[in-house]
Every structure is written in C-alpha cells, then in structure tokens.
Amino acid sequence: MQQPPAFFERLVVQLLLAMGYGDSLDDSGSVTPLSNDGGIDGVIREDKLGFDNIYIQAKRWDLNASVGRPDLQAFVGALTGTGATKGLFITTARFSKGALEYAGMQHAVKLVLVDGDQLARLMIAHNVGVSVRHTYEIKGIDRDYFDIDS
C-alpha cells in the first residue's frame, strides 16, 4: 500500500506471469504508460502471435474501500473500445455488491474480479513479493513398496 500506483501495476503483471499466463516470450506482459492509458493498466499476451490478450485494470485502493459498479462500467467501456474480450480488474480493496452483480451480467467481455484478500493469497501461492524461509519434508512409509504381491 505504501508503494506508488506504478509499482502496483507492475506487481499485477508479474503475478499473472508467475501464475502461468502469457506466452514464453520476454515481452508477454506489459504495463501501459501511466497517463493516457485509455483505462487499461496492463496487457498479457496469451499467445506468441498476440491473437488473444488479457487486459488489466489495477487499483491500489485503501483496504476498506469498495470498487463500485461505475468503476467496472468504465473498465468494460475501455475493453470494448479496444475490442478486448477478456478483462481482469484487480484491487487491494473489495468489490461492492453492485459491482459483483454487474460483472456477472457481462457476456461480450469475460470479466474477472480479484479483491485484496484473493490478491494476497495469489501472491503467496505464486511467490510474488514473498520468499520461502523454510521448507520441511516429512517422510512416511510407502507400504506399496513393501507389498510382496506386486
């Protein structure tokens, strides 16, 4: 939360790449310029030729804030303006009931919402912004190995 918005936008793109989105090329994820971005904060190229893209809106808001329906409507408008079919709205805040209902009504654009709690879980699961301090290995007897019949 103490980092600037540009840091958060880069974090979101890095998270999606860590989750396996994007192609194998180095430029499969990019952050758009901070000004005049047309409502799109980042783009993930899903294939090497760029036939399919995921467009991202990243909002670093207060944890107690709520993203409302108007915010999603503006994002869907930006997606429509680019001809996009896939959009990810990711925030450190939460989504209002109206925003969730609006996202569920979308058919022309596949709209995925990730709130602050889910963002934190995804960052931990994919080792973005965290480091592994200890790993423990617990061994158990493999009874199939000792089974005489096999």
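The values are calculated or read from the model by the stated rules, or taken from the named source; none is laboratory data. Keep in mind it's a predicted model, so treat the numbers as computed, not measured. Here Cβ is always computed from backbone atoms with ideal geometry, including for glycine, and neighbour counts include all displayed protein chains. Note: areas computed on protein heavy atoms with side chains; ligands, DNA, RNA excluded. Shrake-Rupley method; radii C 1.70, N 1.55, O 1.52, S 1.80 Å.
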Worksheet item: Quick one: Karplus J couplings for the stretch 121-133, per residue in order, coefficients 6.51, -1.76, 1.60, θ = phi - 60°, nearest Hz, x for Gly and Pro?
Response: 4, 5, 4, 5, 4, 10, 6, 10, x, 10, 9, 7, 9
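Using a 1.4 Å probe over the heavy atoms of the protein chains, calculate the carbon and sulfur portion of the accessible area of the chain as a whole percent.
Details: 5180 of 9810 Å².
Answer for the chain: carbon and sulfur cover 53 percent of the accessible area.
Hand me the trypsin sites (Lys or Arg not before Pro) from the stretch 1-52 located in a DSSP loop with no more than 14 other Cβ atoms within 10 Å, in residue order please. It would help to have the intermediate numbers written out before the result.
Numbers: sites: R10, R45, K48; in loops: K48.
Sites meeting the loop and neighbour criteria: K48.
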Practice prompt. Quick one: which residues, 5 or more positions from A93 or on another chain, have an amide H under 5 Å from its amide H? H modelled 1.01 Å from N in the peptide plane, none for Pro or chain starts.
Written response: W61, G116
Practice prompt. Add +1 for every Lys or Arg and -1 for every Asp or Glu among the other residues with Cβ under 15 Å from the Cβ of V114, and state the total.
Written response: +1
Practice prompt. Step through the residues of the stretch 93-102 one at a time and calculate ³J(HN,Hα) from phi using the Karplus curve (6.51 cos²θ - 1.76 cosθ + 1.60, θ = phi - 60°), rounding each to whole Hz and writing x for Gly and Pro.
Written response: 8, 10, 10, 6, 4, x, 5, 5, 5, 4
Worksheet item: Which whole-number value in Å² is the accessible area per residue of the chain, probe 1.4 Å?
Response: 65
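So how do F89, F95 rank on accessible area, 1.4 Å probe, biggest first, that is with the largest at the start? Don't skip to the answer; put the middle values down first.
Values: F89 0, F95 25 Å².
I get F95, F89, largest accessible area first.
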Fill in: With DNA, RNA and ligands ignored, accessible area of M19 (1.4 Å probe; Å², nearest 10)
60
Worksheet item: What is the Cα radius of gyration of the chain over 2.2 N^0.38 Å, N being its residue count?
Response: 1.32
Worksheet entry | Kirkwood Rh in Å, taken over the stretch 1-61 so that all alpha-carbon pairs contribute | 11.8
Item to complete: For helix 69-82, report the angle its Cα long axis makes with the longest principal axis of the Cα atoms of the chain; keep it between 0 and 90° and round to the nearest 10°.
Response: 90
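Just subtract the alpha-carbon distance of E137 and R121 from 0.36 nm times their residue separation and send over the number in nm, one decimal. Intermediate results must be reported in sequence, preceding the final value.
Details: separation 16, 0.36 × 16 = 5.76 nm, distance 2.25 nm.
In short, 3.5 nm is gained.
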Item to complete: Amide H neighbours of G38 under 5 Å, at least 5 residues apart or on other chains, H built in the peptide plane: list them.
Response: none
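Of F146, F75, which has the most accessible area with a 1.4 Å probe, and how do the rest follow in descending order? Before the final figure, lay out each step's value.
Working: F146 145, F75 5 Å².
Correct descending sequence by accessible area is F146, F75.
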Item to complete: Calculate one ³J(HN,Hα) per residue across the stretch 11-20 by plugging θ = phi - 60° into the Karplus curve 6.51 cos²θ - 1.76 cosθ + 1.60, and present them in order as whole Hz with x for glycine and proline.
Response: 4, 5, 5, 4, 4, 4, 5, 5, 7, x
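Just need the relative contact order of the chain here, percent rounded to a whole number, with Cα pairs under 8 Å and 6+ apart.
After rounding, I find 19 percent.
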Worksheet item: What residues have an amide H closer than 5 Å to that of K86, excluding those fewer than 5 places away on the same chain, when H is modeled at 1.01 Å from N in the peptide plane?
Response: Y55, K110
